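Single-structure report; data block below.
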Amino acid sequence: MATHFVPYYEDTFGYGLKLVDYTAPLVRRGSILCMTHVCVALHKVIHQNNFQDESAMLPKFLAVCVPLVFDVARSDKDREIVCCALECVNEMLKEMKGGLIADEVYFDSLVELVKDVLQHKTACQKDSEDDTFCDDVEDDSELTTVLVDFAGSILPSLATAMGGQKFTPYFKNFLPLIIPKEGRKRSERSLAAGTLAEICQAMKESINPFAENMYSVFMRGIKDNSDEVISNSVFGLGVLIESSGATLAPRYPEILGILSTFLKQDGDRRTIDNVLGAVARMIITNPGSLPLDTIFPTFVKWLPLQEDYEENITVYSSIYGLLSSNCQVAIEQLPTLIPLMITQLANKKVDDETRAKLTEILQ
């Protein structure tokens with residue numbers, strides 16, 4: 001079925017192209033979505049269905065679409081359209097990975113585009129009179145934050161597409177643009193912590209040269225007065241610990257001491273879930289550097305996760321790892337863990353990957 005629409009791709013792409021300069025913003029937005037979605041769909045057909053692109057449709061489409069979407073992101077004064085353009089670039093990057101940025105011109109243009117958004121240099125960021133983004137966003141600075149969010153989301157995808165090692169010199173240049181300056185709004189601080197966390201995750205062990213710097217950034221975020229900033233920073237710290245291997249092991253006592261302060265009955269539940277995720281990453285990465293007899297019973301006590309279900313796979317993978325190594329502390333917790341995990345198997349919010357891990361542990 002996936003190949004049946006191929007004969008219509010060229011006409012569909014051409015129709016979208018004709019409308020890219022249309023006066024109505026919604027039509028221009030639809031034009032960008034149309035062209036980029038055709039590129040993504042064709043790439044999937046080629047790589048998942050072994051379709052032979054004998055007429056080189058995809059390179060032709062990209063040669064038109066990529067420069068055009070980049071130009072829209074830079075020059076259009078409608079924030080909604082610019083956000084759409086950035087989101088579409090990210091979607092193409094996630095699907096095509098290195099295939100999209102193999103062309104040096106595309107790669108350089110993408111890097112410069114993201115830098116320009118982070119430095120508020122695009123046309124829509126300069127135009128303070130534009131209020132077309134959406135009705136419920138009133139503050140112009142919030143509009144800028146939304147744009148920066150879309151641009152920042154491209155960086156983890158770029159790191160994944162390039163590989164962490166190749167991305168390292170670019171990250172060095174991006175880092176000062178991402179870390180919020182003193183006195184920035186809560187939304188900007190939260191965005192920075194989340195973006196840096198996702199970049200750490202994408203770069204994996206290549207984040208090591210930045211480990212100490214990133215540690216300071218996340219620890220500063222953990223001491224913020226906003227639950228959202230704290231939660232994102234705790235997640236980032238956990239990802240940094242996992243990605244940097246044994247580098248931060250000497251800091252585990254300090255980290256555990258700070259994380260433990262968030263484990264209280266009236267605490268923010270998402271933050272608590274992220275604390276459990278961070279401890280799980282410590283267990284997975286370097287269990288020998290942890291006082292498991294002290295922390296693991298407390299870890300189990302705060303399960304199951306209640307808000308950030310994406311951390312489930314990390315949490316239960318850490319438990320599986322301890323049980324697989326016949327860790328006595330983990331074995332002693334089985335009377336508590338077994339009924340808890342059986343209950344989680346019936347939880348509709350638990351994803352298939354976590355469900356499979358739970359089943360594996362219980363077997």
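The values are calculated or read from the model by the stated rules, or taken from the named source; none is laboratory data. These numbers come from a predicted model, not from an experiment. Cβ coordinates were reconstructed from backbone atoms using ideal geometry, including for glycine residues, and neighbour counts include every protein chain displayed. Quick note on the areas: whole protein, heavy atoms, side chains included, nothing else; ligands and nucleic acids left out. Shrake-Rupley method; radii C 1.70, N 1.55, O 1.52, S 1.80 Å.
A count restricted to the stretch 301-335 and to residues that are under 21 Å from the mean Cα position of the chain (by Cα) and of a type in the set (G, A, S) stands at 1.
Regarding E198, is this residue out of contact with any His (no Cβ under 9 Å at 6 or more places or on another chain), of a type in the set (D, E) and surrounded by fewer than 19 Cβ atoms within 10 Å (Cβ to Cβ)?
Taking the combined requirement at face value, the residue does not satisfy it.
Entry remark, the stretch 247-285: residues being without any contact (Cβ under 8 Å) to a residue 12 or more places away in the chain, among the basic types (K, R) and closer than 17 Å to Y215 by Cα number 0 in total. Selection over the stretch 327-350 of residues that are in a loop (DSSP other than H, G, I, E, B) and surrounded by 12 or more Cβ atoms within 10 Å (Cβ to Cβ) gives a count of 5.
Matching residues to (1) modelled with pLDDT of 90 or more; (2) open to solvent by 30 Å² or more (accessible area, probe 1.4 Å); (3) closer than 28 Å to E307 by Cβ; (4) β-branched (V, I, T):
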position	(1), (2), (3), (4)
T145	no, no, yes, yes
A161	yes, no, no, no
K172	yes, yes, no, no
K204	yes, yes, yes, no
D227	yes, yes, yes, no
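If the requirement is being open to solvent by 70 Å² or more (accessible area, probe 1.4 Å) and touching a helix residue (DSSP H, G or I) at 6+ places or on another chain (Cβ under 9 Å), which of these qualifies: N213, N208, N274, N232?
The unique qualifying residue is N213.
For the stretch 113-141, the set of residues classified as at pLDDT below 90 and buried (at least 18 other Cβ atoms within 10 Å of the Cβ) consists of Q125, D130, F133, listed by residue number. A residue that is among the small types (G, A, S) and farther than 26 Å from T144 by Cα occurs nowhere in the stretch 72-87. Test E311 against the stated conditions and say whether it is among the charged types (D, E, K, R), open to solvent by less than 40 Å² (accessible area, probe 1.4 Å), under 24 Å from A197 (Cβ atoms) and in a helix (DSSP H, G or I). Yes. Pairs meeting the criteria (first residue in the stretch 187-209 and farther than 12 Å from V229 by Cα, second residue open to solvent by less than 10 Å² (accessible area, probe 1.4 Å) and not in a helix (DSSP H, G or I), beta carbons under 7 Å, at least 6 apart or on different chains) are I207/S244; N208/S244.
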